[in-house]
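The values are calculated or read from the model by the stated rules, or taken from the named source; none is laboratory data. Owing to the predicted nature of the structure, the values given are computational and were not obtained by experimental measurement. Here the Cβ positions follow ideal geometry from the backbone for every residue, glycine too, while neighbour counts run over all protein chains shown. In case anyone asks, the SASA skips ligands and DNA or RNA and just uses the protein heavy atoms, side chains included. Shrake-Rupley method; radii C 1.70, N 1.55, O 1.52, S 1.80 Å.
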Amino acid sequence: MKKVSVIVSVYNEQEILNAFFDRMIDVLENIGAPYELLFVNDGSSDRSDSLLKSFAALDPRVKVIRFSRNFGHEAAMLAGIDYASGDYLVCIDADLEKPPETIPRILEAMERGADVVVTRCTENPCRSPAKRACSRLFYKFLNRLSAMRFQEGASDFFGITRRVADLMRNSYREQGRYLRGFIQQVGFSRACVPYRSPGRFAGKSKYSFARLCALALQACISFSHTPLHLGFAAGGGALLAGLCCAASAVFGRAPGWIPWACFFCFLFSIQIFLLGIIGEYIGDIQREEKRRPLYIVQETRNLETVSAGREEEIPHACVGF
Ligand code: UDP
Ligand code: MG
């Protein structure tokens, strides 16, 4: 089999890293292919950094990229993709919520010809029914909104081949990212591997409800312009409501100003809502225009030879050492 790169984003996961490392090495040793294990430390403030360095000291195939601060999970995965040297890349979380034992099935799917392998969680006892329902609803909404068809329940546990990784590295350098959407947008052949999750091994999720909402909003902005067209529908609706109000003011028994007051409230709320949507898109354009680095690397381990001079080739990435 070709060379495998496993990319792990890490943010304050000190309780988990030892268990994760042991299980991951077991899996990688059994796949019978050359491999590298690439940890991206996304600005952890706990002992994660020293643990990762101790892993790297054990084996040169274990590589570490340390960011100068927390840039977010998506940036961490992208940095891993930028630096990985394998032919098959797999992104996985460090919390053992996505079992490393699923990786051989992802690699098999790539060996059979898939360029993008998404995974779908069929069971996770630790996810509340409300979170599961929100996720299902979100994918249904996104699929209606966008011309793309996204795998429902897809997560940041996926496999991509070198050609998709090169596309991410060279052409998908947006500030507002939705990586699991990007990999599904490139086309080629796609496979889906189901897995059962035992839930997070220890520690707490770093994704608050607000952060999940921000990611969902980013996905909608990245993959659809439909919200911008809402103005037409809203304008038509407001006109109709205005006519109804006028009719009730003329023929109704309520004081004449009440329907009008309701109508103006309705009209203003629509306008403000639409302004909010337009503002989100303008904000997105402004972020892109600034072209700030997507992440800043403070330090690397076992990547010295790759890092020399290579960052210049990585669009919108920055090395601060
Ligand atoms: N993570 C990261 N940067 C962040 C937040 C999370 O690198 O800003 C990592 C985290 O350490 C974990 C993975 O991303 O390995 C998924 O995060 P988490 O388990 O908190 O998310 P959830 O599974 O609850 O959606
Ligand atoms: Mg998790």
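Tabulated data for the structure shown
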quantity	calculated
Helical contribution to [θ] at 222 nm, DSSP H n ≥ 4, -39,500 (n - 2.57), averaged over the chain, rounded to 500	-15500 deg cm²/dmol
Residue order for His225, His73 - accessible surface, 1.4 angstrom probe, largest first	His225, His73
Distance in nm between pseudo-label sites at Arg253 and Leu230 (7 Å out along the Cβ direction from Cα)	3.8
Antiparallel %, DSSP beta bridges [both residues in the chain], to 5	30
Carbon/sulfur fraction of accessible area - the chain, other protein chains in place, 1.4 Å, %	60
Hits among aspartates and glutamates - C-alpha to C-alpha of Lys53 under 12 Å, sequence gap 8 or more where chains match	Glu299
Cα-based shape type of the chain, given that a ≥ b ≥ c are square roots of the gyration tensor eigenvalues and the cut on a/c is 1.5	prolate
Segments 21-30, 260-269 sorted - mean Cβ within 10 Å per residue, highest first	21-30, 260-269
Cleavage-rule hits, trypsin sites (Lys or Arg not before Pro), segment 174-253, DSSP coil, Cβ neighbours within 10 Å at most 11	Lys204, Arg253
Distance between segment 17-80 and segment 276-294 - C-alpha centres, whole angstrom	31
Contour minus Cα-Cα distance for Asn143 and Arg196 (0.36 nm per residue)	16.7 nm
Residue pairs, from the table Lys98/Lys204; Lys3/Lys63; Lys131/Lys204; Lys131/Lys206; Lys63/Lys204; Lys63/Lys131, whose Cα atoms sit over 22 Å apart	Lys63/Lys204; Lys63/Lys131
Per residue accessible area of the chain, 1.4 Å probe, in Å²	49
Shape category assigned to segment 56-209 from the gyration tensor of Cα positions, a/c cut at 1.5	rounded
Gain in span if fully extended, Glu288 to Ala57, counting 0.36 nm per residue against the direct Cα distance	79.4 nm
